[in-house]
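Okay, so here's the structure we're looking at.
The values are calculated or read from the model by the stated rules, or taken from the named source; none is laboratory data. Since we're looking at a predicted model, the values are computed, not measured. With ideal geometry, Cβ positions are generated from the backbone for all residues, glycine too; neighbour counts draw on all protein chains shown.
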Amino acid sequence: MNTRIPGFVFSIFFLALLLFHWGCREFVDDSFDTVTGRIVDESGNALEGVELIFTDDLDFTDFQRPIAKSPIYKVKTNLVGEFRFVVPSKNLESIYFIEIQTPFLAEVDSFGELELKNHLIVFFANKNESGVVELGLIKVLNQ
């Protein structure tokens, strides 16, 4: 009877370890989410070559111009101002940021008022059925 208890305890421990491993996995296997948008100037003209950094960690030491602590991807807008980031899907809802590199600042709606910021907040809770977060037109000013 004593020999069955250690085997039973081991089985329960092993099962708990497997459930913990699967439950705490950060990324979904073979699944990706996409963030798209188009950068335009004050007149609505597409801006080519604007550098964007996709990150999950901004340093807000300089609150006016936070910077990416650990960039995940860097891209530049194409000829028509479009950009695209493709990232592995996460199991938990995550907040990401897109840092817009100097000299540009984006017009961001903040509680009904437009503010100039060097970053955008990306909520993957806002993705469509295809797994795409469409940010649409993003107006930037050259500062």
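A few remarks follow.
- Taking the stretch 103-125 as the range and being of a type in the set (S, T, N, Q) and either surrounded by 11 or more Cβ atoms within 10 Å (Cβ to Cβ) or touching a His at 6+ places or on another chain (Cβ under 8 Å) (or both) as the test, only 118 passes.
- Restricting attention to the stretch 82-124 and to residues that are more than 16 Å from the chain's Cα centre (by Cα) and aliphatic (A, V, I, L, M), the residue that is farthest from residue 49 (Cα to Cα) turns out to be 114.
- Verdict on residue 81 being touching an Asp or Glu at 6+ places or on another chain (Cβ under 9 Å) and either modelled with pLDDT of 95 or more or surrounded by fewer than 15 Cβ atoms within 10 Å (Cβ to Cβ) (or both): yes
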